[in-house]
1. For Glu178, Glu188, Glu34, which order do you get if you count the other beta carbons within 10 Å of each Cβ and list the fewest first?
2. Where does each of Phe18, Phe100 land when they are ranked from fewest to most other beta-carbon atoms within 10 angstrom?
3. What is the Rg over Rh value, at two decimals, for the chain, using alpha-carbon atoms and the Kirkwood definition of Rh?
4. With 10 angstrom as the radius, rank Leu66, Leu190 by how many other C-beta atoms surround their C-beta, starting from the fewest.
5. Nearest 10 degrees, 0 to 90: what angle lies between the long axis of helix 118-135 and the longest principal axis of the chain (Cα atoms)?
6. How high is the relative contact order of the stretch 1-116, in percent, counting Cα pairs under 8 Å that sit 6 or more residues apart?
7. What FRET efficiency would be calculated for the residue pair Val125, Ala167, taking the C-beta separation as r and a Förster radius of 22 Å, to the nearest 0.05?
8. In nanometres, what is the gap between the two model label sites at Asp30 and Glu2, each 7 Å from Cα along Cα-to-Cβ?
Amino acid sequence: MELVILCIVSYFIGSLPFGYWIGKVFYGRDIRTEGSGNIGTTNTLRVLGPVAGIAVLLLDLFKGTLAGALPALVGLHHINPFITGFFAIIGHTFSIWLKFKGGKAVATSAGVLIAYNPFFFAVAVITLVTMLLLFSMMSLGSIMGFIMVTTAAALRHDWVLTAIAGALTIFVVYRHRENIKRIVQGKESLMHFGLYYWLTKNK
């Protein structure tokens with residue numbers, strides 16, 4: 001029963017749509033109707049600017065970390081953080097506050113990694129930053145981050161994380177299917193920094 005309660009609480013934590021709320025409260029704008037329509041960091045950054053984008057990133061990371069840490073916080077250290085963290089990821093993707101719609105859960109998933117094992121969070125961040133500096137695409141960096149975490153977990157024989165990260169990779173690839181089409185077509189939106197952006201801007 002305790003685990004069920006923790007999972008329900010984690011879902012509600014994950015479902016908090018900070019990108020949508022920040023846009024509405026502080027900017028009077030609904031980011032679901034602008035840019036890509038996503039409520040996550042990337043669209044917030046493009047539509048509302050760096051201050052809002054960084055705020056959403058940190059808050060979405062915190063959601064995942066808090067949900068993953070809930071078992072330890074209440075003394076249930078034997079429960080894997082990814083059990084409760086998974087429900088926060090579901091909450092972000094299917095938010096009860098947005099009629100069960102939401103974001104792609106990249107930052108929230110990364111937050112769960114902080115609670116589970118900071119090493120794997122570092123792998124995800126290093127991969128994301130490297131891909132951004134080379135290719136200037138947040139979508140590509142997010143997908144590759146999940147792939148590298150899955151690979152790192154397998155190399156360290158962490159089969160629980162390998163299975164979970166592998167499943168999340170498939171989910172993230174599915175959520176980014178339109179981005180992948182645009183990448184193939186050379187039409188994906190670029191961040192305004194990185195090698196690829198510099199090369200295309202100076203053609």
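1. Working: Glu178 11, Glu188 20, Glu34 15.
Least to most surrounded, the residues fall as Glu178, Glu34, Glu188.
2. Details: Phe18 23, Phe100 11.
Lowest to highest Cβ neighbour count: Phe100, Phe18.
3. Working: Rg = 16.8 Å, Rh = 17.2 Å.
When Rh is taken as the Kirkwood radius, the ratio is 0.98.
4. On the way: Leu66 21, Leu190 16.
Lowest count first: Leu190, Leu66.
5. Roughly 10 degrees, rounded to the nearest 10.
6. Values: 218 pairs, mean separation 39.0, N = 116.
Dividing the mean separation by the residue count of the stretch 1-116 yields 34 percent.
7. 0.60
8. Going from the Asp30 label point to the Glu2 one covers 4.3 nm.
Bear in mind that the values in this text are calculations on the coordinates, not laboratory data. Predicted, not measured: the structure shown is a model, and the values here were computed from it. Reconstructed Cβ throughout: ideal geometry from the backbone, glycine too, with neighbour counts over all protein chains shown.
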